[in-house]
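Undergrad: Quick one: the structure is below, questions incoming.
The values are calculated or read from the model by the stated rules, or taken from the named source; none is laboratory data. Just so we're clear, the structure is a prediction, and the values are computed from it rather than from any experiment. Here the Cβ is made from the backbone with ideal geometry for all residues, glycine too, and neighbour counts use every protein chain on show.
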Amino acid sequence: LQERGLEDSSCTEGFSVMVKESCDGMGDVSEKHGGGPAVPEKAVRFSFTIMSVSLLMEDEEDGEKKKAVSIFEEPKPNSEMSCKPLCLMFVDESDHETLTAVLGPVAAERSAMKRSRLILSIGGLPRFFTFHFRGSGYDEKMVRDVEGLEASGSMYVCTLCDSTRAEASHNMVLHSVTRSHEENLERYETWRTNPFSESAEELRDRVKGVSAKPFLETQPTLDALHCDIGNATEFYKIFQDEIGEVFQKINPSREERRSWRAALDKQL
Ligand SMILES: [Zn+2]
């Protein structure tokens, strides 16, 4: 605080802690746990990272506005060292029910923390901390699982919007984040109760692929693997067109395109 030119004794309220949450399957662990009681041969790890601690100060010029003064920032947010495991469980990551049961207490604690303040005595004074969670350390499979969406083979291809496979193939450009945790929860209620007595097909269309109870709130992010796949597909098309010098031709035939693709595949 002193480094930032702040008066230590006046800084008791407004400390804000940003926590990144991650959860991932660890794959097959059958060889790692040796002999003992029979347990599922897959494991899931839930972990968190303290990303930053900041202090919300009232702006001196404009009393209404609050500005954040950074007190701590994690220098290596993606390092194993800053990622603290909280729960390690023997469960298959696609087992929604067991995952819900094991992570239930974590989710409950988390929502209690979101609604309350932690008072810590530091330097002889009580300091008030609030906590904010960003569930961004989830891959697509895990997002689908904890947000109650159908698995990745679903016709609802996107975890960020309601686009279907057919819609996505016609519109690869326009995209905005429209899904939210709250809406997923509402949709699950609709799915469970079927208030309009619709057919399974109609109901599924109404809830856009929500089929289980969401139990953890994730932050919309692009899955790195999906980014890579998307980029690779895009570059593949560009290379193919470059091989055929498509900029010189107007309407290349299907056979021509096929031969360029073959030439490219040979290089790969
Ligand atoms: Zn989308």
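Undergrad: Take the conditions outside the structural domain of S47 (by TED's automatic domain parsing) and not in a helix (DSSP H, G or I) and apply them to L185. Does it pass?
TA: On the way: outside the structural domain of S47 (by TED's automatic domain parsing): yes; not in a helix (DSSP H, G or I): no.
Answer is no for this residue.
Undergrad: For the stretch 191-202, give me the residue count where each residue is surrounded by fewer than 16 Cβ atoms within 10 Å (Cβ to Cβ) and in a helix (DSSP H, G or I).
TA: Of all residues in the stretch 191-202, those surrounded by fewer than 16 Cβ atoms within 10 Å (Cβ to Cβ) come to 192-202.
Right, trim to in a helix (DSSP H, G or I) and you get 192-193, 200-202.
The qualifying residues number 5.
Undergrad: Counting only residues that are within 18 Å of the chain's Cα centre (by Cα) and under 17 Å from R45 (Cα atoms), give me the strands (runs of 3 or more DSSP E) lying completely in the stretch 65-133 with at least 1 of them. Let's see the steps before the verdict.
TA: Values: elements: 66-73, 84-89, 118-122.
Ranges flagged: 84-89.
Undergrad: In the list V146, V177, which residue meets the criterion of being on the phi < 0 side of the Ramachandran plot and near the ligand (Cβ under 10 Å from one of its atoms)? Don't jump to the end; show me each part of the working.
TA: Working: V146 fails: near the ligand (Cβ under 10 Å from one of its atoms).
Of the residues listed, the single one that is on the phi < 0 side of the Ramachandran plot and near the ligand (Cβ under 10 Å from one of its atoms) is V177.
Undergrad: Whether any residue in the stretch 228-245 is away from the ligand (no atom under 16 Å from the Cβ) and touching a Lys or Arg at 6+ places or on another chain (Cβ under 8 Å) is what I want to check.
TA: Yes, the stretch 228-245 contains at least one residue that is away from the ligand (no atom under 16 Å from the Cβ) and touching a Lys or Arg at 6+ places or on another chain (Cβ under 8 Å).
Undergrad: Residue check: is K213 in contact with a Phe, Trp or Tyr (Cβ under 7 Å, 6 or more places away or on another chain) and either away from the ligand (no atom under 16 Å from the Cβ) or of a type in the set (V, I, T) (or both)?
TA: Details: in contact with a Phe, Trp or Tyr (Cβ under 7 Å, 6 or more places away or on another chain): yes; either away from the ligand (no atom under 16 Å from the Cβ) or of a type in the set (V, I, T) (or both): yes.
In short, yes.
Undergrad: So, one more: Being among the aromatic types (F, W, Y) and out of contact with any helix residue (DSSP H, G or I) (no Cβ under 8 Å at 6 or more places or on another chain) is the filter here; which residues of the stretch 112-145 pass it?
TA: If we filter the stretch 112-145 for residues that are among the aromatic types (F, W, Y), which is where we start, we get 128-129, 131, 133, 138.
Result: F128, F129.
Undergrad: Condition (residue is closer than 19 Å to C158 by Cβ and not assigned by TED's automatic domain parsing to the domain that holds S154) applied to the stretch 234-255: is it met by at least one residue?
TA: Within the stretch 234-255, one or more residues are closer than 19 Å to C158 by Cβ and not assigned by TED's automatic domain parsing to the domain that holds S154.
Undergrad: Of all residues in the stretch 203-236, count the ones that are loosely packed, with under 12 Cβ neighbours inside 10 Å and closer than 30 Å to S259 by Cα.
TA: 9
Undergrad: Right, another one. Quickly run through the stretch 1-31 and pick out the residues that are under 19 Å from E58 (Cβ atoms) and in a strand (DSSP E or B).
TA: Those that are under 19 Å from E58 (Cβ atoms) and in a strand (DSSP E or B): F15, S16.
Undergrad: Would you call I250 surrounded by fewer than 11 Cβ atoms within 10 Å (Cβ to Cβ) and aliphatic (A, V, I, L, M)?
TA: Details: surrounded by fewer than 11 Cβ atoms within 10 Å (Cβ to Cβ): yes; aliphatic (A, V, I, L, M): yes.
Against the criterion (surrounded by fewer than 11 Cβ atoms within 10 Å (Cβ to Cβ) and aliphatic (A, V, I, L, M)), I250 qualifies.
Undergrad: Which residues, counting only those in the stretch 149-160, are within 13 Å of the ligand (Cβ to nearest atom) and among the polar types (S, T, N, Q)?
TA: Answer for the stretch 149-160, where residues must be within 13 Å of the ligand (Cβ to nearest atom) and among the polar types (S, T, N, Q): S154, T159.
Undergrad: Taking F131 as the residue in question, decide whether it is away from the ligand (no atom under 16 Å from the Cβ) and in contact with a Gly (Cβ under 9 Å, 6 or more places away or on another chain). Show your work before the answer.
TA: Working: away from the ligand (no atom under 16 Å from the Cβ): yes; in contact with a Gly (Cβ under 9 Å, 6 or more places away or on another chain): no.
No; evaluated as a whole, the condition is false for this residue.
Undergrad: Sticking with this one: Which of the residues that make up the stretch 1-25 are within 17 Å of the chain's Cα centre (by Cα) and either at pLDDT below 90 or among the hydrophobic types (A, V, I, L, M, F, W, C) (or both)? I'd like the intermediate steps shown before the answer.
TA: Filtering the stretch 1-25 down to residues within 17 Å of the chain's Cα centre (by Cα) leaves 18-25.
Answer for the stretch 1-25, where residues must be within 17 Å of the chain's Cα centre (by Cα) and either at pLDDT below 90 or among the hydrophobic types (A, V, I, L, M, F, W, C) (or both): M18, V19, C23.
Undergrad: Test S163 against the criterion of being within 14 Å of the ligand (Cβ to nearest atom) and exposed (fewer than 15 other Cβ atoms within 10 Å of the Cβ), and give yes or no. Break it down stepwise before answering.
TA: Details: within 14 Å of the ligand (Cβ to nearest atom): yes; exposed (fewer than 15 other Cβ atoms within 10 Å of the Cβ): no.
Considered against the rule, which asks whether it is within 14 Å of the ligand (Cβ to nearest atom) and exposed (fewer than 15 other Cβ atoms within 10 Å of the Cβ), S163 comes out as no.
Yes or no, residue by residue, for (1) modelled with pLDDT of 85 or more; (2) part of a helix (DSSP H, G or I); (3) touching a Leu at 6+ places or on another chain (Cβ under 7 Å):
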residue: C158; (1), (2), (3): yes, no, no
residue: M172; (1), (2), (3): no, no, no
residue: E189; (1), (2), (3): yes, yes, no
residue: R204; (1), (2), (3): yes, yes, no
residue: T221; (1), (2), (3): no, no, no
residue: E242; (1), (2), (3): yes, yes, no
residue: P252; (1), (2), (3): yes, no, no
residue: S259; (1), (2), (3): yes, yes, no
